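Here is the structure we will look at, set down as structure tokens.
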Amino acid sequence: MSVEGDRKGRLGPLYKGHEGQYSWLLHRVTGVAIILFLFAHVVDTAVVGWGPDAYNRVASVYHNPFVRLLELGLVAAVLYHSINGVRITLIDFFPRLTRHARGLGIATVLLFVAAMIPITWIMGTAIIDLLREG
Amino acid sequence: MATTTEVRPQEPLHGPKPPGTGRDRPVGGFELWTWLFMRISGLVLLILAVGHVLIMHVLDEGVDRVNFAFIQLRWASPFWKAWDWLMLVLALLHGVNGLRMITLDYIRPHGARLAVNTFFAVLGAALMALGTIIVVTFDPTQWPAP
């Protein structure tokens, strides 16, 4: 099916924004993931009010390779949502930048990937160490 | 600067927009304020949340060193208490409003949408209260020194 065909609206109320639809979708998915984690994270952090025994038991949840993989995903979600959010804000505050929408989109992805390479290395090696400990 | 709210001309839903005129935005009222809040709080959270994530989860052994003694040391400083409290408030408001924007797209019945939005608003308010109480009342000297 041609893109022109889609654009005439035969698929109904679908977003037809090319690359833009993926950044829009990713922004949503990462945003929802972050707020759902935040709801739980406020509660687990609040346990510090009950002292060292209680809080250290909660913090020990992170001593698990699978949880650490989720943690890496959380860091990626926060980074992507932040960098893409800056792109959206720039375009909204300076509408003339829509002319450079494509370049800004590419810059967003490059910046995110560039940041994730060292982060994945650092957090990944820690996860592997944890697996070796058993 | 204009003293009245400028109403943008109605544009066709699928027609081409003149280049360089940007995306649609709310023209006024509550929606314009939340629109602006999302962008301003987003920029502040870029510092607060990305900084938090890097400090607590990536750099210098990351979460491996986070335990009660670490929080005890960290929250002895008003700077980090203020950082964490501001992040708590902005992130909850930003996130709950983000969820509200999503319900506008996916939940059409008015009553169901209101119920979901009320649920998240109440949950957000309760967590904001809980987090505020903990940050404000936490006294590092109340517990044995690490």
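For chain A, what is the mean residue ellipticity at 222 nm derived from helices alone (per DSSP H run of n ≥ 4: -39500 (n - 2.57); sum divided by total residues; nearest 500 deg cm²/dmol)?
After summing the helix terms and dividing by the residues of chain A, the value is -26000 deg cm²/dmol.
Whole number please: convex hull volume per residue, Cα atoms of the protein assembly as shown, in Å³. Present the calculation step by step, with values, prior to reporting the outcome.
Values: hull volume 50.6 nm³, N = 280.
For the protein assembly as shown, the hull spanned by Cα atoms encloses 181 Å³ per residue.
Work through the residues other than residue B:70 whose Cβ is under 12 Å from its Cβ and net out their charges, Lys, Arg +1 and Asp, Glu -1. List each step's numbers first, then the result.
Values: positive: B:65, B:74; negative: B:60, B:61, B:64.
Summing Lys/Arg as +1 and Asp/Glu as -1 gives -1.
Using only the Cα atoms of region B:47-93, build the gyration tensor, take square roots of its eigenvalues as a ≥ b ≥ c, and label the shape rounded, prolate or oblate: rounded if a/c is under 1.5, else prolate if a/b is larger than b/c, else oblate. Display every interim value, and only then the final one.
Numbers: a/c = 2.23, a/b = 1.29, b/c = 1.74.
Oblate, since a/c reaches 1.5 and b/c is not below a/b.
Using a 7 Å offset from the Cα along the Cα-to-Cβ direction at both residue A:21 and residue A:97, what is the distance between the two label points in nm, to one decimal?
2.5 nm
Determine the relative contact order of chain A: mean sequence separation of Cα pairs under 8 Å and six or more apart, normalised by residue count, in whole percent.
Working: 55 pairs, mean separation 35.3, N = 134.
For chain A, the relative contact order is 26 percent.
For residue B:57, what charge total do you get from the other residues with a beta carbon under 13 Å from its beta carbon, if Lys and Arg give +1 and Asp and Glu give -1? List each step's numbers first, then the result.
On the way: positive: A:68, B:65; negative: A:71, B:60, B:61, B:64.
Its environment carries a net charge of -2.
Two decimals is fine: what is log10 I(q)/I(0) at q = 0.11, 0.21, 0.22, 0.26 Å⁻¹ for region B:20-104, from a Debye sum with one equal scatterer on every Cα and no solvent?
Per q value, in the given order, log10 I(q)/I(0) is -0.44, -1.03, -1.09, -1.30.
For residue B:61 and residue B:118, compute 0.36 nm times the residue count separating them, minus their Cα-Cα distance, and round to one decimal in nm. Walk me through the intermediate numbers first.
Values: separation 57, 0.36 × 57 = 20.52 nm, distance 3.97 nm.
Stretched fully, the residue B:61-residue B:118 segment lengthens by 16.6 nm.
Note down the nm distance, to one decimal, between modelled labels 7 Å out along Cα→Cβ at residue B:24 and at residue A:125.
5.0 nm
Considering every residue in B:26-39, what mean count of other chain Cβ atoms within 10 Å of its Cβ is obtained?
Numbers: counts 0, 0, 0, 0, 0, 0, 0, 0, 0, 1, 2, 0, 4, 7.
Mean partner-chain Cβ count within 10 Å for B:26-39: 1.
Mind checking the dipole of the protein assembly as shown: about its Cα centre, +1 per Lys or Arg Cβ, -1 per Asp or Glu Cβ, Debye to the nearest 20? Provide the component values of the computation, followed by the final result.
Numbers: 23 positive and 19 negative charges, 223 e Å.
The calculated dipole for the protein assembly as shown is roughly 1060 debye.
Select from B:75, A:111, B:85 the residue farthest towards the positive end of the dipole of the protein assembly as shown; place +1 on Cβ of Lys and Arg, -1 on Cβ of Asp and Glu, and compute about the Cα centre.
A:111
Which FRET efficiency, nearest 0.05, do residue B:76 and residue A:40 yield, Cβ-Cβ r, R0 22 Å? All intermediate terms of the calculation are to be shown ahead of the outcome.
Numbers: r = 26 Å, r/R0 = 1.17.
Taking R0 as 22 Å, the efficiency between residue B:76 and residue A:40 is 0.30.
Is there a simple number for the mean count of other chain Cβ atoms within 10 Å of the Cβ of residues in A:46-52, and what is it?
Values: counts 7, 2, 10, 8, 2, 4, 8.
Counting Cβ atoms of other protein chains within 10 Å of each residue's Cβ and averaging gives 6.
Across peptide A:54-61, how many C-beta atoms of other chains are within 10 Å of each residue C-beta, on average?
Details: counts 1, 8, 4, 1, 2, 7, 1, 1.
The per-residue average across the peptide is 3.
Using a 7 Å offset from the Cα along the Cα-to-Cβ direction at both residue B:145 and residue A:69, what is the distance between the two label points in nm, to one decimal?
So the two model labels end up 4.3 nm from each other.
Each value in this text was obtained by applying a stated rule to the coordinates, not by laboratory testing. What you are looking at is a predicted structure, and each value in this text was computed from that prediction instead of being measured. Quick reminder, even Gly has a Cβ in these numbers, built from the backbone with ideal geometry, and neighbours come from all protein chains shown.
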